[in-house]
Amino acid sequence: MKETPLSNCERRFLLRAIEEKKRLDGRQTYDYRNIKISFGTDYGCCIVELGKTRVLGQVSCELVSPKLNRATEGILFFNLELSQMAAPAFEPGRQSDLLVKLNRLLERCLRNSKCIDTESLCVVAGEKVWQIRVDLHLLNHDGNIIDAASIAAIVALCHFRRPDVSVQGDEVTLYTLEERDPVPLSIHHMPICVSFAFFQQGTYLLVDPSEREERVMDGLLVIAMNKHREICTIQSSGGIMLLKDQVLRCSKIAGVKVVEITELIQKALENDQKVRKEGGKFGFAESMANQRITAFKMEKAPIDTSDVEEKAEEIISEAEPPSEVVSKPVLWTPGTAQIGEGIENSWGHLEDSEKEDEDEGGNDEAVILDGIKMDAGVDVSHIGSQDAPIVLSDSEEEEMIILEPDKNPKKIRTQTISATQVKAPSKKPVKKRKKKRAAN
């Protein structure tokens with residue numbers, strides 16, 4: 001199954017975020033993802049999690065004949081497998097270019113750096129030596145396979161114990177784990193790979209790229225280094241030209257990251273050794289966190305119920321005793337009775353807000369009635385909503401002249417409003433107009 005390519009929108013989004021120094025998982029530019037190391041029940045078996053990238057490491061050994069040109073040295077063999085379980089793009093039974101490149105890089109990092117004393121693996125010179133085989137299986141792929149694989153390989157080698165042997169003449173005796181304690185490997189240093197991804201032709205740099213960031217990167221620089229700041233191997237891929245200052249800066253960053261990862265590995269190995277000596281539980285099953293599926297089950301909290309009776313007696317003694325007086329029914333009218341304190345019935349009583357509304361309504365009615373009783377000559381033109389003045393008078397029509405500044409006097413016809421119209425404002429105004437009286 002071919003790998004699903006990124007769309008142009010996703011590619012532009014990732015590059016824009018990198019330009020703004022932002023990453024999808026919230027990390028900073030030089031931050032590593034969380035590293036978790038767990039060990040199996042057997043020696044030399046471990047799982048390393050770098051974020052969501054998971055690698056299983058398993059170390060095995062057997063007695064074989066040495067190579068002709070190196071008769072006193074043991075043999076180291078590394079094998080990395082990319083299964084379809086890790087990603088659908090990996091094809092089973094076929095070595096891709098990526099797999100060949102990763103295997104070669106692991107061999108240069110661990111074998112050529114002489115991190116393991118191969119001469120200590122010799123049993124009989126020219127006849128019997130130990131062959132150490134490191135198998136790495138990628139369980140889940142989320143970017144930066146080489147870093148996770150290098151950590152898993154060195155952790156498995158540090159955790160591994162080979163059986164003890166004894167030589168008497170030409171006879172080689174191999175002891176089981178019950179007969180003699182197994183022997184650890186002689187490891188000089190721990191080389192660890194640190195990957196740097198470059199974008200925009202080396203303008204932007206990220207440490208520990210994720211799977212999506214690897215798709216849009218222009219080049220990759222891998223530096224293998226130990227905690228003594230000794231570079232074991234370095235590899236650049238992608239076809240970009242790097243300056244000397246960029247490589248030096250990456251080497252300084254790698255030195256800091258390698259020291260942190262080495263301390264984490266040593267701490268994990270010490271904890272596992274301590275648990276095995278004390279006889280505690282160990283293995284992959286014990287390292288998994290207990291995650292509850294349901295939320296209905298609650299944790300039990302310890303409750304002290306020894307002095308419940310004493311506290312209950314104290315509460316009863318401090319409480320006020322109930323009243324012994326029995327209320328007698330009150331007879332208001334024949335056929336009715338009331339039991340209790342005799343509080344007045346509040347049903348139908350108006351609240352304070354309703355009383356205020358009623359008082360205000362009564363005042364308004366009084367104002368309207370007073371206005372009706374006013375004399376006929378009072379001018380109430382300010383009450384009307386129209387510009388034309390309204391005058392109350394006995395005569396039905398009369399002429400008024402209003403003087404306005406900077407305007408010629410105009411004759412305005414006004415209509416009188418009778419008392420009946422004031423009382424019934426809801427009626428529609430009379431649309432009929434009487435003919436204008438002829439001027440004398």
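Consider residue 186 carefully, then state whether it is crowded, with 21+ Cβ neighbours inside 10 Å and in contact with a helix residue (DSSP H, G or I) (Cβ under 6 Å, 6 or more places away or on another chain). Considered against the rule, which asks whether it is crowded, with 21+ Cβ neighbours inside 10 Å and in contact with a helix residue (DSSP H, G or I) (Cβ under 6 Å, 6 or more places away or on another chain), residue 186 comes out as no.
Among residues of region 252-261 being loosely packed, with under 15 Cβ neighbours inside 10 Å and among the charged types (D, E, K, R), the one that is farthest from residue 155 (Cα to Cα) is 252. Working only within region 157-211, note down all residues that are β-branched (Val, Ile, Thr), more than 25 Å from residue 132 (Cα to Cα) and either touching a Lys or Arg at 6+ places or on another chain (Cβ under 8 Å) or touching a residue at least 60 places away in the same chain (Cβ under 8 Å) (or both). Within region 157-211, 207 is the sole residue that qualifies. Here residue 203 meets the list (1) polar (S, T, N, Q); (2) in contact with a strand residue (DSSP E or B) (Cβ under 6 Å, 6 or more places away or on another chain); (3) surrounded by fewer than 16 Cβ atoms within 10 Å (Cβ to Cβ) almost entirely, failing just condition (2). Scanning region 1-49 for residues that are in a helix (DSSP H, G or I), free of Cβ contacts under 8 Å to residues at least 24 places away in the same chain and surrounded by 12 or more Cβ atoms within 10 Å (Cβ to Cβ) gives 12, 13, 17. If you go through region 224-241 and keep only what is in contact (Cβ under 8 Å) with a residue 24 or more places away in the chain and crowded, with 16+ Cβ neighbours inside 10 Å, you end up with 224, 225, 226, 227, 232, 233, 235, 240. Scanning region 224-256 for residues that are of a type in the set (S, T, N, Q) and assigned to a strand (DSSP E or B), we see that the one that is farthest from residue 112 (Cα to Cα) is 237. Being outside any helix (DSSP H, G or I), modelled with pLDDT of 90 or more and under 33 Å from the mean Cα position of the chain (by Cα) is the requirement here; does residue 259 meet it? It is false that residue 259 is outside any helix (DSSP H, G or I), modelled with pLDDT of 90 or more and under 33 Å from the mean Cα position of the chain (by Cα).
Of all residues in region 262-288, those satisfying the criterion of being open to solvent by 70 Å² or more (accessible area, probe 1.4 Å) and either modelled with pLDDT under 75 or in a loop (DSSP other than H, G, I, E, B) (or both) are 281, 282, 285, 286, 288. Checked against the criterion of being within 33 Å of the chain's Cα centre (by Cα), modelled with pLDDT of 90 or more and on the phi < 0 side of the Ramachandran plot, the candidates 105, 50 yield just one match: 50.
Residues in region 130-145 that are farther than 12 Å from residue 82 by Cβ and open to solvent by 10 Å² or more (accessible area, probe 1.4 Å): 131, 133, 135, 142.
Exactly one residue out of 135, 142, 97, 117 is of a type outside the set (Gly, Ala, Ser) and touching a Lys or Arg at 6+ places or on another chain (Cβ under 6 Å), and it is 142. Is one or more of the residues making up region 61-74 closer than 20 Å to residue 237 by Cβ and either among the small types (Gly, Ala, Ser) or open to solvent by less than 20 Å² (accessible area, probe 1.4 Å) (or both)? Looking through region 61-74, none of the residues is closer than 20 Å to residue 237 by Cβ and either among the small types (Gly, Ala, Ser) or open to solvent by less than 20 Å² (accessible area, probe 1.4 Å) (or both). Quick test for you: out of 266, 201, 246, pick the one residue that is under 21 Å from residue 153 (Cβ atoms) and not aliphatic (A, V, I, L, M). Result: 266 is the single residue among 266, 201, 246 that is under 21 Å from residue 153 (Cβ atoms) and not aliphatic (A, V, I, L, M).
Among the conditions (1) within 23 Å of residue 138 (Cβ to Cβ); (2) surrounded by 13 or more Cβ atoms within 10 Å (Cβ to Cβ); (3) under 20 Å from the mean Cα position of the chain (by Cα); (4) touching a residue at least 24 places away in the same chain (Cβ under 8 Å), residue 55 misses just one, which is (3).
For region 92-111, filtered to residues that are in a loop (DSSP other than H, G, I, E, B) and open to solvent by 40 Å² or more (accessible area, probe 1.4 Å), the residue that is nearest to residue 80 (Cα to Cα) is 95.
Among the residues of region 242-268, those that are without any contact (Cβ under 8 Å) to a residue 40 or more places away in the chain and either β-branched (Val, Ile, Thr) or in contact with a His (Cβ under 7 Å, 6 or more places away or on another chain) (or both) comprise 247, 256, 259. Residues that are assigned to a loop (DSSP other than H, G, I, E, B), in contact with a helix residue (DSSP H, G or I) (Cβ under 7 Å, 6 or more places away or on another chain) and not β-branched (Val, Ile, Thr) occur at least once in region 72-91.
Could you tell me whether any residue of region 207-223 is at positive phi and either surrounded by 13 or more Cβ atoms within 10 Å (Cβ to Cβ) or in a strand (DSSP E or B) (or both)? The answer is yes; a qualifying residue exists.
The values are calculated or read from the model by the stated rules, or taken from the named source; none is laboratory data. Being a predicted model, the structure only gives us computed values, none of them experimental. Every residue, glycine among them, receives a Cβ derived from its backbone with ideal geometry; neighbour counts consider all protein chains shown. To get the accessible areas, we keep the full protein, side chains included, count just its heavy atoms, and leave off ligands, DNA and RNA. Shrake-Rupley method; radii C 1.70, N 1.55, O 1.52, S 1.80 Å.
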